[in-house]
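First the structure, in the form of structure tokens, and then the observations on it.
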Amino acid sequence: VNILSNVTVLGIVALGQTLAIVSGGFDLSVSGTLPLGAVAYVLLANAAVPIPAAIVLVLALGMVVGVVNGILVNRIGISPLITTLGTLSVTGGLALTLSRGVTIPMTNLDAGFLSEFAFGRVSWYVLVLVVLCILVHILMRYTILGRMIYAVGGNADASRLAGIRVEAVSVTVYTVCAMLAAFAGVVVSSQLLVGSANVGANVALNSVAAVILGGASLLGGVGTIGGTLVGVLILGTIANGMALMMVPSFYQQMANGAILLLAVGLGRLREKRAGR
């Protein structure tokens, strides 16, 4: 239960990252969208905005970030790396601006409802992660959009010749990815009862590592939600073990980097053996 609680935020972000990687791209801006969502949610809650409306506004903010990413990548032709690095700086800077560089306490404690226990020691945000996993799995496995995402990631040119609107699919993927990252910010602020621009600094690299550990390919066209969840749990178990062993945080950061390199290396070996 502790591991599930600790990996909920990473799991939500990794769901969107899975869509991005399977479609042939990736999104590093989630490390800026997440704290932006957290700060915006706390500010809205403190301003007496109804909680459902606050969540919708945060999701709309994430949608704007995702649409911008998708347009810059597909219409302007900027690479996903440069695009998402740029929007990472913009969203992270906006989060710092809104919070004025300080941690904002949540005065409306009702806004932290996601941290309340639903069943026993299981919090609502854990159940939300489970529901999101099911929904995204259904999207990728049983819908036309999911099949188009795999097709675009496998071969964008062939997909375009087959009549698939590649640009529209890519914009949709980046939009969903950013909205999930913004919602993860809502979960973080509910857990901590504060809004901070410093949360989620490593969530982009960790989410990529989780997706690759789950069997996805950076070349696109390969990956599953079940595999991503396994990757998230692997990272969570390792982090939990190091915390129990009182390993210093900077060693944990080194371990996460090593895991990312190992995951990408193993993925490349799998692709070479498969002849890709």
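The values are calculated or read from the model by the stated rules, or taken from the named source; none is laboratory data. Not measured: the values here are computed from a predicted model. As a convention, Cβ positions derive from the backbone with ideal geometry for all residues, glycine included, and neighbour counts pool all protein chains shown. Ligands, DNA and RNA are excluded from the accessible area calculation, which covers all protein heavy atoms including side chains. Shrake-Rupley method; radii C 1.70, N 1.55, O 1.52, S 1.80 Å.
What to note about this one:
- The modelled label-to-label distance between L266 and I144, using points 7 Å beyond Cα along the C-beta direction, is 3.8 nm.
- Across the stretch 130-276, Cα-Cα pairs more than 28 Å apart make up 28 percent of the total.
- Alpha-carbon Debye profile of the stretch 150-202, log10 I(q)/I(0) at 0.15, 0.18, 0.27 Å⁻¹: -0.57, -0.66, -0.99
- For the stretch 47-161, the solvent-accessible area of protein heavy atoms averages 58 Å² per residue (probe radius 1.4 Å; ligands and nucleic acids excluded).
- For the stretch 1-119, diffusion coefficient by Stokes-Einstein and Kirkwood Rh (Cα), 25 °C, 0.890 mPa s, µm²/s: 157
- Karplus (6.51, -1.76, 1.60) ³J(HN,Hα), θ = phi - 60°, over the stretch 238-252, in Hz, Gly and Pro reported as x: 5, 5, 5, x, 5, 5, 5, 7, 6, 6, x, 4, 5, 5, 5
- For the chain, calculated [θ]222 nm from helices alone, where every DSSP H run of n ≥ 4 adds -39500 (n - 2.57): -24500 deg cm²/dmol
- Looking at the stretch 59-171, the pairs of alpha carbons with a distance over 26 Å make up 45% of the total.
- Per-residue HN-Hα couplings for the stretch 166-181 [Karplus 6.51, -1.76, 1.60; θ = phi - 60°; Hz; x = Gly/Pro]: 4, 4, 5, 5, 5, 4, 4, 5, 5, 5, 4, 4, 5, 5, 5, 5
- For the stretch 187-256, the calculated P(r) over all alpha carbon pairs, in 10 Å bins from 0 to the bin holding the longest distance, is 18, 39, 35, 8 percent.
- Per-residue ³J(HN,Hα) for the stretch 97-102, Karplus 6.51 cos²θ - 1.76 cosθ + 1.60, θ = phi - 60°, Hz, x for Gly and Pro: 5, 5, 8, 6, x, 10
- Relative contact order for the stretch 31-91, counting Cα pairs under 8 Å that sit 6 or more residues apart, in percent: 45
- Long-range HN-HN contacts of A118 with modeled amide H, under 5 Å: S123, W124
- Distance between the modelled labels on A60 and A48, one decimal in nanometres: 2.0 nm (7 Å Cα→Cβ projection).
- Over the stretch 1-60, the fraction of Cα-Cα pairs per 5 Å bin, rounded to whole percents and listed from the shortest bin up, is 4, 16, 19, 19, 20, 15, 6, 2, 0.
- A cut-off of 5 Å between modelled amide H atoms, ignoring neighbours fewer than 5 places along the same chain, links G195 with I104, M106.
- The relative contact order of the chain, computed from alpha carbon pairs under 8 Å that lie at least 6 residues apart in sequence, is 36 percent.
- Measuring nothing but protein heavy atoms, the accessible surface of the stretch 165-276 at 1.4 Å probe radius is 68 percent carbon and sulfur.
- Extension gain, L244 to A118: 0.36 nm times the residue separation minus the Cα-Cα distance gives 42.8 nm.
- Kirkwood Rh, angstrom, the chain [1 / mean 1/r, Cα pairs]: 18.8
- Apportionment of accessible area to carbon and sulfur, the stretch 21-61, percent (1.4 Å): 83
- You can think of it this way: the chain between Y251 and V130 has 40.5 nm of extra reach, that is 0.36 nm per residue less the Cα-Cα gap.
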